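**Student:** Handing you a structure now.
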């Protein structure tokens, strides 16, 4: 349930970024996203901030930087040069990086079918976005590289939470990490950007600010609390597989906007779902599956 709620929220994030960039620069959008989230979560952070040991505060600061601080700026800047659909494709690298970094750096244990699930989900996401876009995708690597770096940053954070912050509740992780990042973001926005000039003189700036506020409150503050909880309940790779399901939501948004639904979508959606299931599978006995398929009286 948490996974699908996150898909609904984050599946709409790229369009909100695009709308926000119509009035503000990518740096302003990134700083605003952190600041609005910081303001929303500060009351929760105050209740928890002084009960944490110094070591945990350092880890929470690092979690905030890798899980939000770096990616919000990189995604916003990337969408100034590439389409949101291409961003969605590259964003689907998150579970792959999560698995690779987990194996190489954090020593996580995994099975062959979990690895298979990562690649199945990635193939489904790429296939779905390809057919929905008539196969016409051009990737500007000079901008796409920022999304790739952001997904690697997400992967580092997911593994950190599972390994070193497993004993800290998800509300504390999110609220305290943004409390630490909030003040520097405010200073940066006020002293190093043209935020006030854009807000006063740019036509439609308040509307753009509204889109960014929705993005920050729903897509960052609320969603990150649930995402961090999902990591703790399952594992970092499964939680990051939310990025595979985002294209499905994008298609339904398109249907509501009058775009047709193609039957071939079902193939790629099923591939994505199979990948997500395999990523979260604990035990898989091929012999039992074979018997279940060909001998209906066998229960697995």
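**Student:** Counting pairwise Cα distances across the range 28-110, what percent come out greater than 19 angstrom?
**Tutor:** Here the tail beyond 19 Å accounts for 57 percent of pairs.
**Student:** Which value in nm describes the separation of the simple spin-label points at residue 200 and residue 4, placed 7 Å from the Cα toward the beta carbon?
**Tutor:** According to this spin-label approximation, the distance is 4.9 nm.
Taken together, the values in this text are just the output of simple stated rules run on the coordinates, not laboratory data. Every value quoted in this text rests on a predicted model; they were computed, and no experiment measured them. Positions of Cβ are backbone-derived with ideal geometry, glycine not excepted, and every protein chain shown enters the neighbour counts.
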